[in-house]
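Here the structure is laid out as structure tokens; the discussion comes afterwards.
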Amino acid sequence: MEQHEPGSLSAPQLEAVRRSAAGGRMALSRRSLLRLGGSGLLAAAGASALSSCGIPPAGRQPGRSSSADHSDEEKWFAFSNWTEYIDVSDDNKHRPSLEEFRRRTGIKVRYTEDINDNVEFFGKIKPQLAAGQDTGRDLICVTDWLAGRMIRLGWMQELDQSRLPHAFANLGKGFRDPDWDPGRAHSYTWTGIPAVVAYNRKATKGRTVDSISQLLEDPGLKGRVGMLSEMRDTVGLTLLDMGKDPATFTAADYDAAVSRLQKGVDTRQIRRFTGNDYIDDLNKGDLAACIAWAGDLIQLQADNPDIRFSIPKAGYMTATDNLLIPNEARHKKNAERFIDYVYEPKVAAQIAAYINYVCPVDGVREELAKIDKSLADNPLILPDAEMTEKSHSFRLLSSKEETEFEQKFAKLIGS
């Protein structure tokens with residue numbers, strides 16, 4: 001466990017949560033976009049949870065469970081997921097991929113949509129995890145920063161790769177080796193969610209907008225630029241534009257990025273910092289260009305042909321939601337069979353066609369094209385090799401960094 005973490009969220013951390021809940025990722029429906037992201041928030045929340053209950057997290061070897069696996073005699077497992085994050089039939093009464101899994105394997109999925117945001121869900125399961133107890137869930141789906149934190153605490157089980165031949169073979173290159181779970185020992189990606197540059201072609205008079213430099217410096221966009229109120233996306237993209245890696249940046253790099261954004265505020269180049277409320281402004285052209293979340297753009301483009309997106313040459317930010325098996329889960333083998341099942345291209349295509357997020361499964365394009373060719377051709381769902389190489393993630397922050405960085409960012413955006 002990390003040392004010297006505070007027992008409660010600092011004021012800047014709480015403000016980041018409030019900001020995200022009011023207008024950012026936490027305010028969005030699951031089909032609109034990602035939720036709150038921030039390892040530092042959990043670092044503080046996790047420390048608070050442990051100090052309040054007085055139970056140390058290291059009662060066993062990290063990633064190992066002492067519970068017996070009851071998969072052979074109990075043909076079911078419990079899966080907690082986000083709302084509207086799996087395929088649903090047209091009549092909204094069936095989940096075809098889950099029903100096919102049961103038909104094929106005889107294993108029933110007790111599927112629950114009880115994840116609304118990462119911090120809230122962590123609060124539900126942390127007492128059992130810290131005490132070495134069964135959470136009542138065999139499979140969970142959480143965002144990368146939370147997944148990494150729980151892995152480091154030793155609360156997630158190592159996966160048996162021998163039961164995951166499709167997952168091992170078909171996991172896309174860009175998802176194979178995250179720094180928070182090297183070699184995917186404990187997790188497999190459910191989806192990826194990019195933050196990119198978007199613009200309204202009518203508002204830009206046909207001009208393409210394809211970089212953060214252009215957002216911050218192009219006089220033709222002055223006063224009509226939107227940046228996100230989510231620190232990791234806005235600062236991460238700015239760091240990339242400055243030639244810095246969001247996975248390894250220093251405090252000085254962060255300050256330089258914030259200073260650059262501050263100049264955009266001072267010169268009124270930036271109109272405002274937004275949550276998901278950029279959607280209407282971009283659609284109407286009040287914002288000519290902005291940073292946007294990919295899930296929103298797929299929906300916007302269906303209604304407005306003037307909406308375009310660009311992948312900056314410097315790269316873009318992305319996050320992942322991930323499947324993990326908690327310690328003491330009773331049905332590990334059944335859950336692993338399901339992870340492997342969703343990495344079959346036909347199954348993955350069926351799910352991707354409904355949820356419209358980046359699919360991490362290689363070989364899915366042909367199957368997705370059978371369902372909807374436009375989805376198979378959409379790089380926001382199936383990034384090509386060039387786009388995949390440009391994907392970057394924001395590094396994990398300590399609680400101290402989280403407090404300092406959020407405080408500076410809150411001052412920048414006037415929060």
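The values are calculated or read from the model by the stated rules, or taken from the named source; none is laboratory data. These figures come from a predicted structure and were not determined experimentally. For neighbour counting, all protein chains shown are included, and Cβ atoms are generated from backbone atoms with ideal geometry for every residue, glycine included. What goes into the accessible areas is simple: the full protein's heavy atoms, side chains included, and nothing from ligands, DNA or RNA. Shrake-Rupley method; radii C 1.70, N 1.55, O 1.52, S 1.80 Å.
For segment 331-338, check the following and say yes or no: at least one residue is at pLDDT below 95 and either basic (Lys, Arg) or touching a strand residue (DSSP E or B) at 6+ places or on another chain (Cβ under 6 Å) (or both).
No.
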Taking first residues from segment 228-245 that are in contact (Cβ under 8 Å) with a residue 60 or more places away in the chain and second residues anywhere that are among the basic types (Lys, Arg) and crowded, with 24+ Cβ neighbours inside 10 Å, the pairs with Cβ under 7 Å that are 6 or more apart or on different chains are Glu230/Arg25
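Out of Ala294, Ala329, Ala302, report the one residue that is in the same structural domain as Trp155 (by TED's automatic domain parsing), farther than 15 Å from Val209 by Cα and of a type in the set (Gly, Ala, Ser). Before you say what the answer is, go through the steps one by one.
Numbers: Ala294 fails: in the same structural domain as Trp155 (by TED's automatic domain parsing); Ala302 fails: in the same structural domain as Trp155 (by TED's automatic domain parsing).
Just one listed residue meets the conditions, Ala329.
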A careful count of residues in segment 338-350 that are within 18 Å of Thr388 (Cβ to Cβ) and open to solvent by 20 Å² or more (accessible area, probe 1.4 Å) gives 1
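Which of the residues that make up segment 276-297 are assigned to a helix (DSSP H, G or I) and open to solvent by 20 Å² or more (accessible area, probe 1.4 Å)?
Of segment 276-297, the ones assigned to a helix (DSSP H, G or I) are 278-284, 294-297.
Answer for segment 276-297, where residues must be assigned to a helix (DSSP H, G or I) and open to solvent by 20 Å² or more (accessible area, probe 1.4 Å): Ile279, Asp280, Asp281, Asn283, Lys284.
From the set of residues in segment 86-111 that are surrounded by 13 or more Cβ atoms within 10 Å (Cβ to Cβ) and among the polar types (S, T, N, Q), which is nearest to Thr189 (Cα to Cα)? Can you show your working first?
Kept after step one, since they are surrounded by 13 or more Cβ atoms within 10 Å (Cβ to Cβ), are these residues of segment 86-111: 86-88, 95-102, 105, 107-111.
Narrowing the set further to residues that are among the polar types (S, T, N, Q) leaves 97, 105.
Values: Ser97: 17, Thr105: 22 Å.
Within segment 86-111, the match that is nearest to Thr189 (Cα to Cα) is Ser97.
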Selection from segment 312-337 of residues surrounded by fewer than 24 Cβ atoms within 10 Å (Cβ to Cβ) and part of a helix (DSSP H, G or I) yields Lys333, Arg337
Selection over segment 231-269 where residues are part of a loop (DSSP other than H, G, I, E, B), open to solvent by 30 Å² or more (accessible area, probe 1.4 Å) and not β-branched (Val, Ile, Thr) yields a count of 6
